[in-house]
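One structure is given below, encoded as structure tokens.
The values are calculated or read from the model by the stated rules, or taken from the named source; none is laboratory data. Please read these numbers as outputs of a predicted model, since none were measured by experiment. As a convention, Cβ positions derive from the backbone with ideal geometry for all residues, glycine included, and neighbour counts pool all protein chains shown.
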Amino acid sequence: MDKEDVLNRWSEYIGELFKDNRGERPAIKKNTDGPPILKAEVEAAIRKMKRGKATGPDGIPIEIILALEEMGIGMTTKLLNAIYDNGAIPEDLAKSVFIALPKIPGATECELHRTVSLMSHITKVLLRVLMLRMRKSLRPEIAKTQFGFVPDKGTRNAIFTLSMLMERCIEVQKDLYICFIDYSKAFDKVKHEKLFEMLNQLDIDGKDLRVLRNLYWDQTAAVRVGGELSKIEGTRSRGRQRITFLDSLSSFVTGNNKDNIALLRMTEDRDRSSSSSSSSSSSSSSSSSSSSSSSSSSSSSSSSSSSSDNSKHNNNNNTKSNKDSNNKKKKKKKKKKKKKKKKKKKKKKKKKKKKKKKKKKKKKKKKKKKNKNKNKNKNKKNKKNKKNKNKKDKNKNKNKKRNKNKNKKNKKNKNKKKSKNNTKK
């Protein structure tokens, strides 16, 4: 395929993914007299943003604003306050660029790619400020049983509670029914109209809602493939994947007790929107909430199952592609295992060689030490022998001198005696 055909295919795929018959902008039933955005809020939002992230269509990273220090923060606060007061978002800030990341290496189908939208870093700062303002009113509405996208909670807590439930049910010998639901492209399926209906019911400032509404309704998108851009026709009517506050909003949508799973509606004529739900049975008296969620999910999946013959054909194609991808994964796992085994063997051989070398070195060192000690002992003995010889020689010389002196004295005495005798005569 040519580059143009690839771009057209991607634009069609993403356009179909986000198509939905959306009505007019929802009216905001609240006062729009909120306080202005403070410099401290903007600074806190910029400090919390991650560094080294990909830029949007404007190509301005957050590092440039940080490098400008107070001047950059002051200019951004002015810009954000202008947007906040008017509610109108500039075209450059409402644009987003799509990039496709393969879920499986060597993927050729669009469905096997994860679409990520890159947006301007200034819009991210604005949205982070709004998120921090809205957090107080959103937190009490999120259910206590929710673990995803909630601070100080995670999958570990959910796994722990499930394991404790199962252990308790095994002890009491009661049945526990657990329903696992996996939504395909869940963030993309959130309906904007329903989302703003729910947000209007909360204690959120009208200015915040107006900015969010205009951002969702005025947004435009393009696809980047191989460094080239292509426009997507129409505006995006559903999910915006990489918005900073979306985690909080989506957790509010899925965790709210009023319209729990109804907002994550599955579209009728697309295989991409079908939810794969797998249930595993074990046990429990405390499973009434989970069984209710399973009944609601079954109703949503039944609506998606009533699709046309084309969707069935697409499903078959998808199952084939999934099988191929699974086979590829298995082969890759086997290759990885073989590589790991080879690496382990090599490591063992290297360790053995190192051990042998260490042993040899130790032996050599021991021999050297022994030889050194022997040489030292020999040298000590030689030194002692030399000293003893020198002492003996000295003693001999002394004795010789003594003997000489004695002989001399004796001779003198003899001569004296002779001289005396001669004188007498």
Only one of E43, E63, E91, E24 is loosely packed, with under 12 Cβ neighbours inside 10 Å, charged (D, E, K, R) and modelled with pLDDT of 85 or more, namely E91
Enumerate the pairs (first residue in segment 77-88 and without any contact (Cβ under 8 Å) to a residue 40 or more places away in the chain and among the hydroxyl-bearing types (S, T, Y); second residue anywhere and part of a helix (DSSP H, G or I) and surrounded by fewer than 17 Cβ atoms within 10 Å (Cβ to Cβ)) with beta-carbon separation below 7 Å, excluding pairs fewer than 6 apart on the same chain, so at least 6 apart or on different chains.
none
Could you list, ordered by first residue, the pairs with Cβ atoms under 7 Å in which the first is in segment 129-144 and more than 12 Å from D205 (Cβ to Cβ) and the second is aromatic (F, W, Y) and surrounded by 15 or more Cβ atoms within 10 Å (Cβ to Cβ), at least 6 apart or interchain?
M131/F245; L138/F252; E141/F252; I142/F252
Qualifying positions in segment 184-195 - modelled with pLDDT of 80 or more and either of a type in the set (A, V, I, L, M) or crowded, with 19+ Cβ neighbours inside 10 Å (or both)
H192, L195
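Quick check on my filter: what residues within segment 91-149 are of a type in the set (V, I, T) and within 21 Å of G226 (Cβ to Cβ)? Explain how you work it out, then say what you get.
Going through segment 91-149, the residues of a type in the set (V, I, T) turn out to be 97, 99, 104, 108, 115-116, 122-123, 125, 129, 142, 145.
Hits for segment 91-149 are V97, I99, I104, T108, T115, V116.
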Considering K365, K424, which residue is out of contact with any Pro (no Cβ under 7 Å at 6 or more places or on another chain) and surrounded by 10 or more Cβ atoms within 10 Å (Cβ to Cβ)?
K365
Top-ranked residue of segment 27-37 - restricted to ones that are closer than 20 Å to H192 by Cα and in contact (Cβ under 8 Å) with a residue 40 or more places away in the chain, ranked as surrounded by the fewest Cβ atoms within 10 Å (Cβ to Cβ):
K29
When restricted to K30, K3, the only residue over 26 Å from L132 (Cβ atoms), in contact with a Gly (Cβ under 9 Å, 6 or more places away or on another chain) and at pLDDT below 80 is K3
Considering residues of segment 110-135 that are of a type in the set (A, V, I, L, M) and outside any helix (DSSP H, G or I) only, the residue modelled with the lowest pLDDT:
V116
Within segment 63-78, is even one residue touching a helix residue (DSSP H, G or I) at 6+ places or on another chain (Cβ under 6 Å) and outside any helix (DSSP H, G or I)?
no
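Let's see how each residue does on (1) within 30 Å of K328 (Cα to Cα); (2) among the aromatic types (F, W, Y); (3) loosely packed, with under 13 Cβ neighbours inside 10 Å:
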| site | (1), (2), (3) |
| --- | --- |
| L80 | no, no, no |
| E111 | yes, no, no |
| V116 | yes, no, no |
| R128 | no, no, no |
| S137 | no, no, no |
| F147 | no, yes, no |
